[in-house]
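The values are calculated or read from the model by the stated rules, or taken from the named source; none is laboratory data. All figures in this text were calculated on a predicted structure; none of them were measured in a lab. All Cβ positions, even for glycine, are placed from backbone atoms using ideal geometry, and neighbour counts span all protein chains on display.
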């Protein structure tokens, strides 16, 4: 799409003004904002050309114009100069991965004032340590610790009763022989242990391993979302409940978000999806700014900000980029 320099300057000025104020931009305002010595009539002619190209639109209630998703895309791709604002970013100290992910989603939401989304890394089914604690007759608690410090708990009901010494014996055997293996590998190996171990201990361990596998699956939260309520304060949405409902349905389903952010994880650096162009989030009113994050050099997940198409893209790029680096550092082991 070829635009002359004058049209580019006017389009850039219009979009920046609209992002700041949220009101359709008229010719006189554009004349002042652009710094060009042009008559309102000349500016109206250029605006008419931009409208024909699908880059701006005229709301019925105003003589001014607003950018379209296509106009935002051209602006982001060719006119955006990333600011280096000095805004304070909270740190993300090393912690259990699920806490890092939750804090990152909150940070994205807090800094952007929109919605923060993080796709969590697939949790390892490898266990470092396992404990069994008797709670009552035929009921005990499994505590599983993963290599990176994640802790999962599961209460198990059994057909037979086990004493605490029996539970300790089973846990000690698992820790001594199977630590560092995945739950699936432990399950397979236990099938061959029936002859060497007392049958009730094997039964106990098999029950525990099945429950551990279920606990790991259930505890996995694929997408962490923070700040949905921020959209209630966005003027662009507050006046249209249909837009809001579509947005909240998207957050409820999460599947579309997973697909969109999976695409982002295959790219280097920050990606921007404007309006309905992603096809996966087909809402003209929403934009997504996303970036992958790594653990020890391997991309394991994606995070981003979801907000209205009228957002300060330069600032969002910065927020997403910084947060992805903080998450990578907090989750990596070679800090």
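Tabulated results
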item	result
Residues of region 7-34 classified as out of contact with any helix residue (DSSP H, G or I) (no Cβ under 8 Å at 6 or more places or on another chain), surrounded by fewer than 15 Cβ atoms within 10 Å (Cβ to Cβ) and not in a helix (DSSP H, G or I), total	1
Odd one out for residue 302, checked against (1) crowded, with 17+ Cβ neighbours inside 10 Å; (2) under 16 Å from the mean Cα position of the chain (by Cα); (3) modelled with pLDDT of 70 or more; (4) more than 19 Å from residue 101 (Cβ to Cβ)	(4)
Region 284-299 - residue that is surrounded by 17 or more Cβ atoms within 10 Å (Cβ to Cβ) and closer than 25 Å to residue 68 by Cα and, of those, modelled with the lowest pLDDT	285
Residue count for region 96-146, restricted to those that are without any contact (Cβ under 8 Å) to a residue 12 or more places away in the chain and not in a helix (DSSP H, G or I)	1
